Structure formats: structure tokens, C-alpha cells
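First the structure, in the form of C-alpha cells, and then the observations on it.
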Amino acid sequence: MKAKSAALGVAAAAAFSGSAISAAVAATCPKPTAKLNVYTAANFSCTVGDKTFTGFSYTTNTTQAATGVTVTPENPGPGGLGFEFSGAWSVGSKTVGDVELKLHVAAGAGFLIDDAFNHFGGGSGNVSDTMTLANKNTGFSTTLSASTRSIPADIILKTAQKSLTITDDIFLNVAKTAAASFSNFTKDYSQTGVPEPATLSLLGVGLGALGVIGIRRRKRRQ
């Protein structure tokens, strides 16, 4: 994972450390760990740290559908704030399995989402995980792929976003040559602070003052 993401994770840990983490999860999510069907219920919303997650949906055509999937909010996770999904997904040889997860994430006041973390682990065989992050209001779209088991993929967004719609596709046994399985996948998102209007005003004043000083110095040298 990139150094920036690690630093953001440390910052998030400082902001939501100790009992504050547990309180944040307990107050806004069903449980620290809950069944996936709770998250996919109509009008479900879960706030983790400064981010609100809504619009969960989940579909799969795998031989082993992992109906007992559990969801654990992370405050923070390896790459920020998000969730780990745990189960037992598998397909046999010469079979292609597809797991699709969709959700929407919105940053809280004073923050923008600037980094995404994607990971899957456990099991064996050929598995790939591709996550698309999009914001139709700004026209933003990017893709993050994790193609090696237990090695996370991480991306710093070119343009930080207030909210994102996430579409995640996990394919098993893409080569169709052997059985494949996995037991968990993680989706985390980290943030950057947005300067308050007062801070921006002070910055403008400071830059203006530097400009005036520069003009005076040039005049003295003439």
C-alpha cells in the first residue's frame, strides 16, 4: 500500500481511536459484525467514522453462494474507513464464478475521498477483483484491480470526490482450469481534509501580502 494511504490510515486512527471507534460503529451500524442481508436491506445506511455507506446490493452465481456472509465495519481499515466481507466463495474446475457488490460512499463535512484500497484473501485458485469508482455528478470514473491473492491494490484518486458509487466484481477460476475459492475481501476509503472558508480567506490574504511585498522589492531595485 502506498505511503500516503498508510499515513491517512494513521490519521484516521488518531481521529477515531479507542472507545470512539466502538461507539461510532455501535451507534450507526447494526453490529460490529452483521449478516450481509442486514446491509442489503431497503434504505439501509451505515456510518463508519466520517463516511456514510448506503445502496448495498449483492449478487453471485458461484457454486457455493456463501449465504452466511458477514460484514465488519473498519475504523480505520488497512487503507482507511470501510468494510471487510467474510464467507466461503468457491467454484469447481472449468467454471466461472462472479460475485458483484455495489454500494455508495459519501464523505462527511470537511472531507473528500482521495484514496481507495482493494483486497481479497484466503482460499486457492484463480481469482481476480476489479472495483470501479464513479461519480456521475462530476463525470469521474476510475478502476482498481487486485489480481494477486493477499497483495492489496491501492489507488490515489486523481481528483478527490465528495461521494462515489462503487461497483465491485470478483471473478473465480477465470482460466477455467481448476477449482477456485476465497474467504474474504476488503474495501476501504481514506480521506483528505477540505479547508474551511475562513482558512481559505486567510490563505488568500497571505498570498496577497506576499505579492505586495514582491512588487515593493522590485520597485526598490529599479
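Modelled with pLDDT under 90 and aliphatic (A, V, I, L, M), is that true of residue 146?
When the stated conditions are applied, residue 146 passes them.
Might you let me know whether region 104-123 holds any residue that is closer than 17 Å to residue 180 by Cα and polar (S, T, N, Q)?
no
Taking the residues in region 70-95 that are of a type in the set (S, T, N, Q) and part of a loop (DSSP other than H, G, I, E, B) as candidates, determine which candidate is surrounded by the most Cβ atoms within 10 Å (Cβ to Cβ).
Among those residues, the one meeting the criterion is 95.
Given (1) modelled with pLDDT under 95; (2) of a type in the set (Val, Ile, Thr); (3) assigned to a strand (DSSP E or B), where does residue 151 come up short, assuming only one miss?
Of (1) modelled with pLDDT under 95; (2) of a type in the set (Val, Ile, Thr); (3) assigned to a strand (DSSP E or B), only one is false for residue 151: (3).
Give the number of residues within region 51-64 that are part of a strand (DSSP E or B) and either modelled with pLDDT under 85 or in contact with a Pro (Cβ under 9 Å, 6 or more places away or on another chain) (or both).
Summing the residues that are part of a strand (DSSP E or B) and either modelled with pLDDT under 85 or in contact with a Pro (Cβ under 9 Å, 6 or more places away or on another chain) (or both) in region 51-64 gives 2.
Going by the structure shown, is residue 67 assigned to a strand (DSSP E or B) and surrounded by fewer than 16 Cβ atoms within 10 Å (Cβ to Cβ)?
no
For region 109-127, give me each residue that is touching a residue at least 60 places away in the same chain (Cβ under 8 Å) and at negative phi.
111, 112, 113, 114, 115, 116, 117, 118, 119, 120, 121
Report whether or not residue 128 is over 14 Å from the mean Cα position of the chain (by Cα), assigned to a strand (DSSP E or B) and among the small types (Gly, Ala, Ser).
yes
Within region 37-63, track down each residue that is touching a Phe, Trp or Tyr at 6+ places or on another chain (Cβ under 6 Å) and either hydroxyl-bearing (Ser, Thr, Tyr) or within 30 Å of residue 125 (Cα to Cα) (or both).
39, 40, 56, 62
List every residue pair whose Cβ atoms lie under 7 Å apart, where the two residues are 6 or more positions apart in sequence or sit on different chains, the first residue falls within region 155-181 and is more than 23 Å from residue 87 (Cβ to Cβ), and the second residue, located anywhere, is assigned to a strand (DSSP E or B) and among the aromatic types (Phe, Trp, Tyr).
Partner pairs satisfying both residue conditions: 159/140; 161/140.
Would you confirm, using the coordinates I've provided, whether residue 58 is surrounded by 23 or more Cβ atoms within 10 Å (Cβ to Cβ), aromatic (Phe, Trp, Tyr) and closer than 30 Å to residue 159 by Cβ?
The answer is no for residue 58.
The values are calculated or read from the model by the stated rules, or taken from the named source; none is laboratory data. For clarity, every value in this text was computed on a predicted model and none was experimentally measured. Every residue, glycine among them, receives a Cβ derived from its backbone with ideal geometry; neighbour counts consider all protein chains shown.
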